[in-house]
Amino acid sequence: MILAPPRPAPDPRRSGITAGYRLSGNGRVNPPGAARRPGPYAGAVHVSLVALVVDEYDPAIEFFTGVLGFDLVEDSPAETNDGRQKRWVVVRPPGAETGLLLARADGAGQAAVVGRQAAGRVGFFLRVEDFEATYQRLAGAGVEFARPPRTEPYGRVAVFTDIAGNLWDLIGPA
């Protein structure tokens, strides 16, 4: 995992920030009247799940497990807040801590974001150890690549679409 170095706090004298702003305990500049942010968490913290809105559960499960090679972590019956049936479906890359909650669109508002969860930008990033082998395997499995592989300062990258149409970066070492 590549972590970006922490961003230095802006210098109020150089960034046009006016008097009254204060530097918080976490190195950020807070505007006047802003509440102080709480201190650090007690214990380890990580993002557990990211919801991905899909049209239907089973085709999405097949794509993420059968094509991308993710593990199906959970597929359990559940209920919506108003008592309708749904499923709690979690997939995750092998060995990863963060998973995707595959959430079937419920209503017109959610259906409208299927395939556009990041408003047409790349919104998901799949880092692999062997870029070329993974690229060839995915292309051979019919994954649609929106942009061909290229080399960037952070490694080899190619943009592909998932079953819903969301854009993903496939990223590996250069």
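Since every read-out is calculated from the coordinates, none of them should be taken as a lab result. Keep in mind that what you see is a predicted model, and the values were worked out from it rather than measured. Cβ placement follows ideal geometry from the backbone for every residue including glycine, while neighbour counts extend to all protein chains displayed.
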*Between A105 and R137, take the C-beta separation as r, use R0 = 22 Å, and let me know the FRET efficiency to the nearest 0.05.*
0.15
*For the pair R116 and D82, how long in nm is the line joining their label points, each one 7 Å along Cα→Cβ?*
2.4
*asked:* Tell me the relative contact order for region 47-114 as a rounded percent, counting alpha carbon contacts under 8 Å between residues six or more apart.
replied: 41
*Note the per residue figure in Å³ for the convex hull of the C-alpha positions in region 117-174.*
71
*asked:* Given an 8 Å cut-off on Cα distances and at least 6 residues of separation, report the relative contact order of region 117-174 as a percent.
replied: 43
*Rank the residues Y135, Y57 as a footprinting-exposure proxy: fewest other Cβ atoms within 10 Å of their Cβ go first.*
Y57, Y135
*Pull up the DSSP beta bridges for region 117-174 and report the antiparallel fraction as a percent, rounded to 5.*
70
*Could the peptides 108-117, 159-168 be put in order, highest first, of the mean number of other beta-carbon atoms found within 10 Å of their residues?*
159-168, 108-117
_Computed E for A174/D75 - FRET, C-beta separation, R0 41 angstrom, nearest 0.05_ = 0.65
*Please give, to one decimal in nm, the separation of the simple spin-label points placed at V50 and T65, each 7 Å out from Cα toward the Cβ.*
2.2
